[in-house]
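Report on the structure given below.
The values are calculated or read from the model by the stated rules, or taken from the named source; none is laboratory data. On a predicted model such as this, the values are computed, not experimentally measured, just so you know. Quick note on the areas: whole protein, heavy atoms, side chains included, nothing else; ligands and nucleic acids left out. Shrake-Rupley method; radii C 1.70, N 1.55, O 1.52, S 1.80 Å.
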Amino acid sequence: MVYVKSGLEIVELYKAYDQRIKELESAVARLDNFGYTQSVLQAQIQKLRDERIALETTRFQALDPITVPKSSLGGHDFFIS
């Protein structure tokens, strides 16, 4: 089964990524003397940015075409793209 996100879901996810990235960037700025913690947070920020980029690319990605068999449609083959 393929789950397709709606445009609204994608926008909400994008905003959630932005909000989380801003929170982490704020935390990094406050942790001047904690180099290891800063590096862990920087890695998390990069991971979120990568996931956000993947979300952006899936937003405009075409779906694979599907064929509905005759038995489901009363004797006709339909090709949906």
**OP:** Taking the Cα atoms of region 1-54, report the difference between the largest and smallest coordinate on each principal axis, in whole Å and largest first.
**Re:** 47, 18, 14
Original post:
Hey, any idea what % of region 3-57's accessible area is carbon plus sulfur with a 1.4 Å probe?
Top reply: 56 percent
